[in-house]
Amino acid sequence: QVQLVESGGGLVQPGGSLRLSCAASGSIFSINVMGWYRRAPGKERELVAVISGGDTNYADSVKGRFTISRDNAKNTVSLQMNSLKPDDTAVYYCNLYGIVRPLNYATNHWGQGTQVTVSS
């Protein structure tokens, strides 16, 4: 099993910043990719940023504003969000793609989500 716990969400004014963190724990054998996805009201879930090894990828809408990073020793991934816009309002989900025991193949795992609201 694996548990993903997100933190750092909240209410922020346009132009403000938030830092999201996700801590993974459990019987993790290997991690291929960790990342952040979001679901805005009335929209489907979309990729925000992912990190695999030293490689990162961002949605076009957040490039230059968001930065994803990881701490391999702690099995954590963070998302620094700057210059936030109302369109960034969404529930943000941490994702882990990797092998977690007792499975012996990679699967996707999701956190419970954390609300980010950009308003006023």
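Here are a few things to note about the model shown:
- Taking the criterion of being charged (D, E, K, R) and either surrounded by fewer than 19 Cβ atoms within 10 Å (Cβ to Cβ) or at pLDDT below 95 (or both), the residues of segment 71-104 that qualify are D71, K74, K85, D87, R101.
- Against the numbered list (1) of a type in the set (G, A, S); (2) in contact with a Leu (Cβ under 9 Å, 6 or more places away or on another chain); (3) part of a strand (DSSP E or B); (4) open to solvent by 30 Å² or more (accessible area, probe 1.4 Å), S30 comes up short only at (2).
- Any hit, segment 63-82, residues being of a type in the set (S, T, Y) and not in a strand (DSSP E or B): no
- Which listed residue, of L47, L4, is in a strand (DSSP E or B), within 14 Å of the chain's Cα centre (by Cα) and surrounded by fewer than 15 Cβ atoms within 10 Å (Cβ to Cβ): L47
- S120 falls short on exactly one of the conditions (1) loosely packed, with under 14 Cβ neighbours inside 10 Å; (2) closer than 17 Å to G10 by Cα; (3) at pLDDT 95 or above, and that condition is (3).
- Search result, residues across segment 29-64 that are hydroxyl-bearing (S, T, Y) and either without any contact (Cβ under 8 Å) to a residue 24 or more places away in the chain or touching a Cys at 6+ places or on another chain (Cβ under 7 Å) (or both): S52, T56, Y58
- Scanning segment 65-90 for residues that are aliphatic (A, V, I, L, M) and touching a residue at least 60 places away in the same chain (Cβ under 8 Å) turns up L79, M81, L84.
- Filtered residues of segment 21-51 (kept if among the small types (G, A, S), over 18 Å from T114 (Cβ atoms) and touching a strand residue (DSSP E or B) at 6+ places or on another chain (Cβ under 6 Å)): G26, S27, S30
- Qualifying residue in segment 107-116 (condition: β-branched (V, I, T), open to solvent by less than 30 Å² (accessible area, probe 1.4 Å), part of a strand (DSSP E or B) and in contact (Cβ under 8 Å) with a residue 24 or more places away in the chain): yes
The values are calculated or read from the model by the stated rules, or taken from the named source; none is laboratory data. What you see is a predicted model; the values in this text were computed from it and never measured. Note that each Cβ is placed from the backbone with ideal geometry, even for glycine, and that neighbours are counted across all protein chains shown. Keep in mind that these areas ignore ligands, DNA and RNA; they rest on the heavy atoms of the full protein, side chains included. Shrake-Rupley method; radii C 1.70, N 1.55, O 1.52, S 1.80 Å.
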